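Down below is the structure, laid out as C-alpha cells.
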Amino acid sequence: MGTKDLSTPPVLEKAQGSSQLATFAAGCFWSVELVFQRKEGVLQTQVGYTGGHDNKPSYEAVCSGTTGHAEAVRLEYDPKTISYDDLLTIFWNKHNPTQGNRQGGDIGTQYRSAIFYHDEEQKNLAEASKTKRQNNYDVPITTEIVPAGPFYAAEQYHQGYLEKGGQCAAKGCSDNIRCYG
C-alpha cells in the first residue's frame, strides 16, 4: 500500500454557465460524497471542511474536535437536471438528522448534520424542507442551516475515497454504500 497523498486540491468553485453549488454535512464525508456522485445532474463533488474557525484544517485537526469544522461535501450541480429540492431529499435520506454531533458510530462535532446555503433561495428551501422532514421524527432535528463560509478541500487521498476503494460511483448506481476507514 502506498503513502497517502496529503496534498490538497484547489477548492471546487462554480463552473461557467448556469451550474450552482451546494454544501452538505451528514456524517463521514466519504459516503455522503458517493451518494451525490451517483446522481444525474451532479457535475462534480469535493470533500472538505467547513463551518469552523481554523483556516488551515487537516483531517487530523478536524477529527480532534478543535477546529469547529464539519466534514462536508461541496458539489456543483446543473439545476436544469436536478433541483436543489432534490438534493435536499437526498441529504435527508442519507442520514439521521436527529443524532446531533454523530452519525452511527462516528462521534464528534465534525460529524454533525448541516446545510450550508449559498443564497437566500437555498436557505428558504432548506428551512422549509427541515420543517416538513420534522414530521417524520418524534425528536427534534439537530441539522444546522447556516450560510456557506470558507470551504477547505480535504487532502487528496480523501477525494473519491470510496470510489477509489472499488465502490460504484456511476450515475444511477444503487449499490449499498459501505463506509470504512
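Please go through the stretch 14-35 and give me each residue that is polar (S, T, N, Q) and open to solvent by less than 20 Å² (accessible area, probe 1.4 Å), ordered by number.
Across the stretch 14-35, the qualifying residues are Ser19, Thr23, Ser31.
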> Give me the pairs: first residue in the stretch 30-45 and of a type in the set (Phe, Trp, Tyr), second residue open to solvent by 20 Å² or more (accessible area, probe 1.4 Å) and outside any helix (DSSP H, G or I), beta-carbon distance under 7 Å, and six or more apart or on different chains, which are they?
Replying inline: Trp30/Cys179; Phe36/Thr45
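Residues are listed down the side, and each one gets a yes or a no for (1) of a type in the set (Gly, Ala, Ser); (2) modelled with pLDDT of 95 or more; (3) out of contact with any helix residue (DSSP H, G or I) (no Cβ under 8 Å at 6 or more places or on another chain):
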| site | (1), (2), (3) |
| --- | --- |
| Ser113 | yes, yes, yes |
| Tyr117 | no, yes, no |
| Leu125 | no, yes, no |
| Ser129 | yes, yes, no |
| Arg133 | no, yes, no |
| Tyr137 | no, yes, yes |
| Tyr152 | no, yes, yes |
| Ala169 | yes, yes, no |
| Cys179 | no, no, no |
>> Taking the criterion of being of a type outside the set (Ser, Thr, Tyr), in contact (Cβ under 8 Å) with a residue 40 or more places away in the chain, touching a strand residue (DSSP E or B) at 6+ places or on another chain (Cβ under 6 Å) and open to solvent by less than 20 Å² (accessible area, probe 1.4 Å), would at least one residue in the stretch 134-152 satisfy it?
In response: yes
> Taking Ser129, is it in contact with a strand residue (DSSP E or B) (Cβ under 6 Å, 6 or more places away or on another chain) and surrounded by 15 or more Cβ atoms within 10 Å (Cβ to Cβ)?
Replying inline: no
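Rundown of residues vs (1) outside any loop (DSSP other than H, G, I, E, B); (2) open to solvent by 40 Å² or more (accessible area, probe 1.4 Å); (3) closer than 27 Å to Gln20 by Cβ, yes/no style:
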site: Asn55; (1), (2), (3): no, yes, yes
site: Ala61; (1), (2), (3): yes, no, no
site: Val73; (1), (2), (3): yes, no, yes
site: Ile82; (1), (2), (3): no, no, yes
site: Asp86; (1), (2), (3): yes, yes, yes
site: Asn96; (1), (2), (3): no, yes, yes
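Among the residues of the stretch 31-53, write down those that are part of a helix (DSSP H, G or I) and either within 17 Å of Gly149 (Cβ to Cβ) or of a type in the set (A, V, I, L, M, F, W, C) (or both).
Initially, the stretch 31-53 is screened for residues part of a helix (DSSP H, G or I), giving 31-37.
Val32, Leu34, Val35, Phe36, listed by residue number.
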>> Given the condition modelled with pLDDT of 95 or more, among the basic types (Lys, Arg) and open to solvent by 50 Å² or more (accessible area, probe 1.4 Å), answer yes or no: does some residue in the stretch 36-44 qualify?
In response: yes
> Out of the stretch 154-167, which residues are in contact with a helix residue (DSSP H, G or I) (Cβ under 7 Å, 6 or more places away or on another chain) and open to solvent by 30 Å² or more (accessible area, probe 1.4 Å)?
Replying inline: Tyr161, Glu163
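The values are calculated or read from the model by the stated rules, or taken from the named source; none is laboratory data. All values derive from a computational prediction rather than experimental measurement. All Cβ positions, glycine included, derive from the backbone under ideal geometry; neighbour counts span all protein chains shown. In case anyone asks, the SASA skips ligands and DNA or RNA and just uses the protein heavy atoms, side chains included. Shrake-Rupley method; radii C 1.70, N 1.55, O 1.52, S 1.80 Å.
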